[in-house]
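The structure under discussion is supplied below as structure tokens; questions concerning it will follow.
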Amino acid sequence: MNIPDAKSLVNRYLDASFLVNKRFDTQIREKVGQTVTTDQFCALRLIHEKPACTPSDLAELLCVGKSSITALVNKLADRNLVHRTGDERDRRVIYLTLTEEGLQIYKETELEIQKVLEPYLKHFTPEAVQNFIESFEKLAALLTQEEGLEKQ
């Protein structure tokens, strides 16, 4: 790939990425913004999916600092969406789990987000959607690997 093609592709990616993220964020916020923020939903989702999730795990997965995670977890705990449990062997370690209310909010929000996205997916073949997701996941994996290499 020569340099002008790379620049053109990067610009196309940036334009599309910005537009898609802004529009979807706006639509999702309109649907679920009264319940939880996008960041709070992402945290609930990650806690639900990762057994023995710690605030440090959450900070790493959400690509934010530990002080930001502390504030986020405090808000979720204050709303009784997340429960903190100390490790019996190491008091410095805290595990996060969803409360019943947190699980309910997570599931309801996930359904609302699905309703926002589904109408757009109908314009693509299942194969095109699968290819897009796989390519996007590959990009995410490459970025994650690169970030790990920079820390070394």
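Readers should treat all values here as calculations from the given coordinates under stated rules, not as data from a laboratory. No experiment lies behind these values; they were computed from the predicted model shown. Positions of Cβ are generated from backbone atoms using ideal geometry, with glycine treated the same way; all protein chains shown enter the neighbour counts.
Sum up the charges of everything whose Cβ sits under 14 Å from the Cβ of residue 28, counting Lys and Arg as +1 and Asp and Glu as -1, but leave residue 28 out.
On the way: positive: 22, 23, 29, 31, 45, 115; negative: 25, 30, 39, 108, 110, 112, 118.
Here the count lands on -1.
Rounded to the nearest 10 degrees, what's the angle between the helix 3-32 long axis and the longest principal axis of the chain, both from Cα atoms, 0 to 90?
Roughly 40 degrees between the two axes.
With n ≥ 4 as the cut-off for DSSP H runs, can you work out [θ] at 222 nm for the chain, using -39500 (n - 2.57) per run divided by the number of residues, rounded to the nearest 500?
Working: 6 runs with 111 residues, N = 152.
Helices in the chain give a 222 nm mean residue ellipticity of -25000 deg cm²/dmol.
When only Cα pairs under 8 Å and 6 or more residues apart are kept, what is the percent relative contact order across the chain?
On the way: 103 pairs, mean separation 30.7, N = 152.
Over the chain, the number comes to 20 percent.
What is segment 76-146 by shape, rounded, prolate or oblate, if you read a ≥ b ≥ c off the alpha carbon gyration tensor as root eigenvalues and call it rounded for a/c under 1.5, prolate for a/b larger than b/c, and oblate otherwise?
Because a/c hits 1.5 or more and a/b fails to exceed b/c, segment 76-146 counts as oblate.
Still on this model: Tell me the angle of helix 38-49 to the major Cα principal axis of the chain, expressed in degrees between 0 and 90 and rounded to the nearest ten.
Taking Cα atoms only, the helix is inclined about 70 degrees.
Pairs on different chains or at least eight residues apart, Cα atoms closer than 24 Å: how many lysine pairs in segment 3-121 fit?
Going through segment 3-121 pair by pair, I get 13.
Could you tell me what a quarter of the Cα convex hull surface of the chain works out to, in nm² with one decimal place?
Its Cα hull, projected and averaged over all orientations, spans 12.0 nm².
Return the loop-located GluC sites (Glu not before Pro) in segment 46-94 (DSSP other than H, G, I, E, B) with at most 12 other Cβ atoms within 10 Å of their own Cβ; answer none if there are none.
Those satisfying the criteria are 88.
Based on the mean of other beta carbon atoms within 10 Å per residue, what is the order of 63-74, 98-109, 15-26, most packed first?
98-109, 63-74, 15-26
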